[in-house]
Amino acid sequence: MNTATNTIPTITLNDGTSMPQLGYGVFQVPDEQTTTAVSTALETGYRSIDTAAIYGNESGVGRALAASGLPRGELFVTTKLWLADLGRETTRGGLAASLDKLGLDHVDLYLIHWPGTDTEAYLESWQVLEELRAEGLTRSIGVSNFLPEQLERVIGLDGTVPAVNQVELHPFLQNRETAAVNRAHGIATEAWSPLAQGAVLDDPAVLAAAAAHGVGAAQVILRWHLQQGNVVIPKSVTASRMASNLELFGFDLDTAQVAALDALERDGRTGPFPGTFNG
């Protein structure tokens with residue numbers, strides 16, 4: 001096993017499942033490149049892989065998982081239900097299709113990818129996710145891109161609390177209100193676009209911290225995420241960057257450096273606003 005694997009911390013989700021705090025995301029990786037990319041990530045030491053039905057690359061992920069020879073118990077696989085499959089009658093088929101492409105009999109985390117604007121549809125899907133977890137088709141269930149009021153509606157159904165809320169989060173968009181609600185309910189905050197699609201890499205505060213520690217700008221930002229308690233899933237198809245994104249455990253940002261990155265909040269959203277997005 002790559003020694004990097006042993007350095008990745010895990011968090012315990014509110015349902016008792018253990019999840020690596022640092023994983024590998026495959027958003028915007030074409031399916032024909034995904035097998036090689038995920039295989040390289042696994043060889044580098046990643047064990048948590050994040051994909052989604054809408055990414056169109058679950059088959060590529062599945063091929064890499066099968067070829068790795070790694071025991072299923074060492075892997076943590078996340079996928080997501082797309083908006084078109086929201087609702088009681090279509091949610092179960094959404095997961096079935098994903099499992100077929102992944103070549104798995106279960107995933108470790110299944111998320112509602114976006115709430116959309118049809119409240120009834122995502123609430124129905126949440127109730128089906130509860131059934132899928134009870135049947136062993138997913139170990140944990142959660143949501144993605146849910147605002148505080150949407151989280152409260154889900155929890156208000158029968159008290160089942162999502163294990164994870166995956167949201168856009170980086171120094172330019174810290175999603176503080178949502179993160180606070182997540183913490184209040186014991187929901188893990190998982191950051192997508194953790195580097196703001198590279199926009200934050202050239203910020204002077206980031207570069208100053210990188211120089212002080214002799215590391216790269218991306219490493220500083222990812223370290224900031226870990227110290228915030230976020231789960232993070234950086235994406236790169238370059239082997240050297242995959243490796244450097246794992247090299248986060250030989251340094252700590254000091255209080256002043258964390259405060260400097262905290263001060264970068266500017267509502268710098270790179271993706272859609274969850275309250276109005278319908279795909």
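The values are calculated or read from the model by the stated rules, or taken from the named source; none is laboratory data. All values reported here derive from a predicted model rather than from experimental measurement. Because the Cβ atoms are built from the backbone with ideal geometry, glycine has one as well, and the counts that use them run over all protein chains shown.
May I ask you to list the residues in region 163-215 that are of a type in the set (Lys, Arg) and in contact (Cβ under 8 Å) with a residue 60 or more places away in the chain?
ARG176
Yes or no: region 76-90 includes at least one residue that is at pLDDT 95 or above, of a type in the set (A, V, I, L, M), surrounded by 23 or more Cβ atoms within 10 Å (Cβ to Cβ) and under 17 Å from ARG139 (Cβ atoms). Yes, some residue in region 76-90 is at pLDDT 95 or above, of a type in the set (A, V, I, L, M), surrounded by 23 or more Cβ atoms within 10 Å (Cβ to Cβ) and under 17 Å from ARG139 (Cβ atoms). Going by what's in this entry, would GLY56 be described as farther than 19 Å from PHE277 by Cβ, surrounded by fewer than 20 Cβ atoms within 10 Å (Cβ to Cβ) and either touching a residue at least 24 places away in the same chain (Cβ under 8 Å) or not acidic (Asp, Glu) (or both)? Here the answer is no, as GLY56 does not meet what is asked.
Quick check: anything in region 80-94 of a type in the set (Asp, Glu) and in contact with a Ser or Thr (Cβ under 7 Å, 6 or more places away or on another chain)? For region 80-94, residues of a type in the set (Asp, Glu) and in contact with a Ser or Thr (Cβ under 7 Å, 6 or more places away or on another chain): present. In the set (1) without any contact (Cβ under 8 Å) to a residue 12 or more places away in the chain; (2) at positive phi, ASP100 fails one condition alone, (2).
Matching residues to (1) within 26 Å of TRP114 (Cβ to Cβ); (2) under 15 Å from the mean Cα position of the chain (by Cα):
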| residue | (1), (2) |
| --- | --- |
| GLY186 | yes, no |
| GLY198 | yes, no |
| ALA212 | no, no |
| ASN230 | yes, yes |
| LYS235 | yes, yes |
| ALA260 | no, no |
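Cβ separations smaller than 6 Å between residues 6+ apart or across chains give the following pairs from region 110-131 residues that are in contact (Cβ under 8 Å) with a residue 40 or more places away in the chain and among the aromatic types (Phe, Trp, Tyr) to residues that are outside any helix (DSSP H, G or I) and surrounded by 14 or more Cβ atoms within 10 Å (Cβ to Cβ): TRP114/ASN145; TRP114/PHE277. The residue pairs whose first member lies in region 261-279 and is basic (Lys, Arg), whose second member is assigned to a loop (DSSP other than H, G, I, E, B), and whose beta carbons are closer than 7 Å, counting only pairs six or more residues apart or on different chains, are ARG266/PHE172.
Among residues of region 242-258 being small (Gly, Ala, Ser) and not in a loop (DSSP other than H, G, I, E, B), the one that is surrounded by the fewest Cβ atoms within 10 Å (Cβ to Cβ) is ALA256. Checking the structure you have, find out if any residue of region 66-74 is part of a helix (DSSP H, G or I), more than 30 Å from THR238 (Cα to Cα) and among the hydrophobic types (A, V, I, L, M, F, W, C). No, region 66-74 has no match at all.
Going residue by residue through region 198-209, is there one that turns out to be touching a strand residue (DSSP E or B) at 6+ places or on another chain (Cβ under 9 Å) and modelled with pLDDT of 95 or more? Yes, some residue in region 198-209 is touching a strand residue (DSSP E or B) at 6+ places or on another chain (Cβ under 9 Å) and modelled with pLDDT of 95 or more.
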